[in-house]
């Protein structure tokens, strides 16, 4: 792909959603709902078309020429010989293209769905404006080839997430959830910015301005180091940080903190379940398919650095797997349909983070791709259910929906199977990355065994959700009177169900247990290793064994869930009431008390501190400022009193000053004499 | 031709008249009397100018006195025009009452 066409295509895919956002936001309130529906959706459709063109171009490029970095324009010229320029650089490579396709493709389906979902909402123009803006920010994030641009995209997705979680701003809980998400995101933003500073200061290119051995002036020595913000240059010179050095470990841990905040990983995960306060299409697009996987993307993009720090990447792998188990455990007892799916998202992203932590980047991105399909599907199907039940989200009030909403129920079943890892999408990606877990990563195979446990948990909660919501008898009037959604909301669901069903098979056909197309496609991006060697892929026989174990465990989970929540053969209530066991469901139901712990450890002390500072600050800080303004007011009061408006007063002043002036002149003349 | 001994008395008279006019402007509230006081001040200045002219044996002071008379006439035209206008809209003729610029 030539530089010009890369710049043109990247510019288009960036500008189209931004244009859509501006049109919807500025003209939408004037031109009405039909205009907004078309403008908001067509802009994303056009962006998807451009993304497809980019994909074809990258596929068709010769080996070694698939990655193109172009500078769109020089944004900030900070002088000093061009070292500190911030230019708007974009990189188009396989990783970026994969992300682009998912963002715009799944984004398009969800935008179409939103037309139906927001049919009666008065704020539809605002909604589509925010959604388009989100697509723009996400595209900016994945295309960025400059630290500053990356951070701008990173912060802009957090902003659009904030705006969309708090979309129904008249609801107190939505506003609080939006604020919580924003604050957690900012923790990650700060970590990312510090990491960027460290990279900028420490990764320098040595220019041959001062030949070795020669005596040079200080200026020449300073000019010798080329500071850079450009990501390709940073990666190319990353070895100057030193393999395994404390510095590179620190940078990687900071990057990982940023990734954890964005991807809702322990300990920065508490915002994601609350983020379900937003409209369901938002949950599907931002909090399942795209934004929350930005952390995975970040680590994959900075893989050169993570390869240099075994400590940091080991930590990433452990946190990912830990979050996967924890979220799976919590998902078992949640009763809000969206929260269950939110925790499952957290758990699945934990697996992706684990994969990128052990160096299986392509496997992590493979899981990202398939997860985007089936998780968007689950959310949109859940949206249909919520819509049909008039905003009822409690699964205890559902039941028996499979005979009332056939298309949604079948799609949800496909999504649940894909999530649990049997037959459909999740089976391939999860077993693929767990297969890597057999041979790589810290404490092998301890984390692999935990991963197998996650498989069981996933099967359990996925089919608890399906069984409780869709099978049995309806448990409320709303569920009894539920009707299938309209076609504009069903088509995206059906398409996503089809994708979830066939994508894994298509990508791994005909060799189902070995290398797959995504792997071959992405591996050139991940071929530059400074530190450790690339992660070892399991051979066909070991892969087959791992595949068998993984699917077997998923089936165990699914089977147990079916026995408990679909057929009701096993009654757990007596077992769970036993003294020692009682604690377990209690922990799960209360989300392991994370919110309470954070409230006690962070929120309350900070609030108390703020209150104390205010008590101290009001007299100390405000006093002098009030005093200054009081002096000015009093002083000007004197002069204000002179302006009486009476002619005789003004005449008196005139006479008075003429007299004073005359006397002064006479005195001065007398002195001079 | 005045004798030089007269000169201080002329200046003193002018100063007396000027002070009288200034006090009239400051104290009286009837605009017509204020006008008359202003005229008094102008003529006090005229007297001083003419006195100096005679004392210094130059014509410039007298020319200035004529200028002052002309300007005073013009000022009276404008001022009296304003006053009749104020009177015709039914306002009391009182300089303290005419304070709209402040409000």
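The values are calculated or read from the model by the stated rules, or taken from the named source; none is laboratory data. Since this is a predicted model, take the numbers as computed values, not measurements. Cβ: placed from backbone, ideal geometry, glycine included. Neighbour counts: every protein chain shown.
Give A:644, A:636 a once-over and let me know the one that is within 14 Å of another protein chain (Cβ to nearest Cβ) and either on the phi < 0 side of the Ramachandran plot or assigned to a helix (DSSP H, G or I) (or both).
Values: A:636 fails: within 14 Å of another protein chain (Cβ to nearest Cβ).
Only one candidate passes the filter, namely A:644.
Just one of (1) modelled with pLDDT of 90 or more; (2) surrounded by fewer than 24 Cβ atoms within 10 Å (Cβ to Cβ); (3) more than 26 Å from residue A:590 (Cα to Cα); (4) touching a helix residue (DSSP H, G or I) at 6+ places or on another chain (Cβ under 6 Å) trips up residue A:296, so point out which.
Here residue A:296 meets the rest and fails (2).
State whether the residues of the range A:49-63 include one that is in contact with a helix residue (DSSP H, G or I) (Cβ under 6 Å, 6 or more places away or on another chain) and modelled with pLDDT under 90.
Yes, some residue in the range A:49-63 is in contact with a helix residue (DSSP H, G or I) (Cβ under 6 Å, 6 or more places away or on another chain) and modelled with pLDDT under 90.
Filter the range A:212-244 down to the residues that are modelled with pLDDT under 75 and part of a loop (DSSP other than H, G, I, E, B), then identify the one that is surrounded by the most Cβ atoms within 10 Å (Cβ to Cβ). Break it down into steps so the answer makes sense when it comes.
Within the range A:212-244, the first condition is being modelled with pLDDT under 75, and the residues that meet it are A:212-227.
Those left that are additionally part of a loop (DSSP other than H, G, I, E, B): A:212-217.
Values: A:212: 7, A:213: 5, A:214: 7, A:215: 6, A:216: 14, A:217: 9.
The qualifying residue surrounded by the most Cβ atoms within 10 Å (Cβ to Cβ) is A:216.
Taking the criterion of being in contact with a helix residue (DSSP H, G or I) (Cβ under 6 Å, 6 or more places away or on another chain), crowded, with 17+ Cβ neighbours inside 10 Å and part of a helix (DSSP H, G or I), would at least one residue in the range A:1-8 satisfy it? Can you show your working first?
In the first step, residues of the range A:1-8 are kept if they are in contact with a helix residue (DSSP H, G or I) (Cβ under 6 Å, 6 or more places away or on another chain); the result is A:1.
From what is left, the residues that are crowded, with 17+ Cβ neighbours inside 10 Å are A:1.
Next, from what is left, pick out any that are part of a helix (DSSP H, G or I): none.
No: the range A:1-8 contains no residue that is in contact with a helix residue (DSSP H, G or I) (Cβ under 6 Å, 6 or more places away or on another chain), crowded, with 17+ Cβ neighbours inside 10 Å and part of a helix (DSSP H, G or I).
Considering (1) modelled with pLDDT under 80; (2) surrounded by 21 or more Cβ atoms within 10 Å (Cβ to Cβ); (3) closer than 22 Å to residue A:92 by Cβ, say which one residue A:522 fails and leave the rest.
Going through the list (1) modelled with pLDDT under 80; (2) surrounded by 21 or more Cβ atoms within 10 Å (Cβ to Cβ); (3) closer than 22 Å to residue A:92 by Cβ, residue A:522 breaks only (1).
Filter the range A:64-112 down to residues that are modelled with pLDDT of 85 or more and in a helix (DSSP H, G or I), then give me how many there are.
Total meeting the criteria: 19.
Given the criteria surrounded by fewer than 21 Cβ atoms within 10 Å (Cβ to Cβ) and assigned to a helix (DSSP H, G or I), does residue A:175 qualify?
Details: surrounded by fewer than 21 Cβ atoms within 10 Å (Cβ to Cβ): yes; assigned to a helix (DSSP H, G or I): yes.
The answer is yes for residue A:175.
Does the range A:653-669 contain at least one residue that is modelled with pLDDT of 85 or more, surrounded by fewer than 10 Cβ atoms within 10 Å (Cβ to Cβ) and part of a helix (DSSP H, G or I)? Walk me through it before giving the result.
Looking only at the range A:653-669, we keep the residues that are modelled with pLDDT of 85 or more, and these are A:653-669.
Those still in the list that are surrounded by fewer than 10 Cβ atoms within 10 Å (Cβ to Cβ) too: A:669.
Remaining after also requiring part of a helix (DSSP H, G or I): A:669.
Yes, the conditions are met somewhere in the range A:653-669.
Just a yes or no: is a residue in the range A:582-600 more than 14 Å from chain B (Cβ to nearest Cβ), assigned to a helix (DSSP H, G or I) and over 22 Å from residue A:329 (Cα atoms)?
So in the range A:582-600, the residues more than 14 Å from chain B (Cβ to nearest Cβ) come out as A:582-600.
After this cut, where a residue has to be assigned to a helix (DSSP H, G or I) as well, the list is A:583-589, A:591-600.
Imposing the further condition that a residue be over 22 Å from residue A:329 (Cα atoms) reduces the set to A:600.
Yes, because at least one residue in the range A:582-600 is more than 14 Å from chain B (Cβ to nearest Cβ), assigned to a helix (DSSP H, G or I) and over 22 Å from residue A:329 (Cα atoms).
Test residue A:569 against the criterion of being more than 14 Å from chain B (Cβ to nearest Cβ), exposed (fewer than 10 other Cβ atoms within 10 Å of the Cβ) and outside any helix (DSSP H, G or I), and give yes or no. Before the answer, list the steps.
Values: more than 14 Å from chain B (Cβ to nearest Cβ): yes; exposed (fewer than 10 other Cβ atoms within 10 Å of the Cβ): yes; outside any helix (DSSP H, G or I): yes.
Answer is yes for this residue.
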